[in-house]
Amino acid sequence: MIGALLEQIRKDKKMSKTTLSELTGINVGHLTHIEKGERNPSLKALISICNALKIPYQPLIHAFEFELDDDQKHYEAQAHINYNSIPVFSSIKGFSKCPRAFYNASFAIKAFDKNMEDKIPAGTIMYVEENSPLSNRDIGLFNYNNSLIVRRFIIRKHDVVLRADNDEIEDVILDNDDNYFIVGKILGINNPKENKFIVF
């Protein structure tokens with residue numbers, strides 16, 4: 001996915017491969033192989049490309065290990081990665097050792113509402129893998145209308161639905177033109193009532 005994401009960003013920035021090559025010292029042929037997914041950039045090359053595109057490189061690190069499946073290509077997953085921003089935390093409640101079950105987690109956050117109960121009780125710690133593309137029925141953390149929401153990601157033929165497990169909450173029906181970002185995939189939770197980690 002890193003290649004598709006870098007191509008998307010370069011096009012968003014209205015930059016040609018030639019210009020990117022001149023700014024980074026990476027030849028156009030190598031950039032083409034990267035964008036087609038035939039090669040992954042080295043960390044040094046990724047940092048150089050991100051500097052040329054004037055974006056932070058850390059949000060893209062997670063894209064290295066993903067290959068997009070057909071559903072993710074259909075909903076253009078790379079277009080919904082928030083590559084130009086980093087999270088802002090209003091407070092730090094402490095630090096948590098990253099459990100082995102969630103070794104890909106980027107951060108942990110408390111479930112802030114009851115929209116996903118019984119799967120995610122309010123107040124439990126959710127482990128989030130930042131900028132991870134989602135597959136059908138994955139639970140994700142989203143930026144939608146400038147608000148953070150946790151929903152199940154449902155891929156349909158012509159649109160995508162963000163669905164709460166709570167039946168009283170209406171579905172959010174998205175199409176490719178909607179402006180939403182996938183903050184990350186919820187890998188699982190630490191449920192203190194049951195004193196165990198639950199992997200999704």
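Counted as qualifying within the range 155-200 are the strands (runs of 3 or more DSSP E) with 1 or more residues that are within 23 Å of Lys73 (Cβ to Cβ) and β-branched (Val, Ile, Thr), namely 160-163, 172-174, 180-191. Here the range 109-124 is the region considered, the condition is being touching a residue at least 60 places away in the same chain (Cβ under 8 Å) and either surrounded by 18 or more Cβ atoms within 10 Å (Cβ to Cβ) or among the charged types (D, E, K, R) (or both), and the residue that is nearest to Pro192 (Cα to Cα) is Thr124.
Just so you know, in the range 1-25 the residues that are closer than 19 Å to Gln78 by Cα and acidic (Asp, Glu) include one that is surrounded by the fewest Cβ atoms within 10 Å (Cβ to Cβ), and it is Asp12. For the range 40-52, the candidate set comprises residues that are part of a loop (DSSP other than H, G, I, E, B) and in contact (Cβ under 8 Å) with a residue 12 or more places away in the chain; within that set, the residue that is surrounded by the most Cβ atoms within 10 Å (Cβ to Cβ) is Pro41. Applying a threshold of 6 Å to beta carbon distances and a minimum spacing of six or more residues, or different chains, the list of pairs starting in the range 141-155 at a residue that is free of Cβ contacts under 8 Å to residues at least 40 places away in the same chain and ending at one that is buried (at least 17 other Cβ atoms within 10 Å of the Cβ) and among the basic types (Lys, Arg) reads Arg151/Arg163; Arg152/Arg163; Ile154/Arg163. Looking only at residues in the range 53-72 that are charged (D, E, K, R) and not in a helix (DSSP H, G or I), the one that is nearest to the chain's Cα centre (by Cα) is Glu67. Among the residues that make up the range 19-34, is at least one of them assigned to a helix (DSSP H, G or I) and touching a residue at least 40 places away in the same chain (Cβ under 8 Å)? No - not one qualifying residue is present in the range 19-34. Residues that are more than 21 Å from Val88 (Cβ to Cβ), of a type outside the set (A, V, I, L, M) and at pLDDT 90 or above within the range 180-199 comprise just one, Gly188.
The values are calculated or read from the model by the stated rules, or taken from the named source; none is laboratory data. It should be emphasised that the depicted structure is a prediction, and the values quoted were computed from it without experimental measurement. Note: ideal-geometry Cβ built from the backbone for every residue, glycine included; neighbour counts use all protein chains shown.
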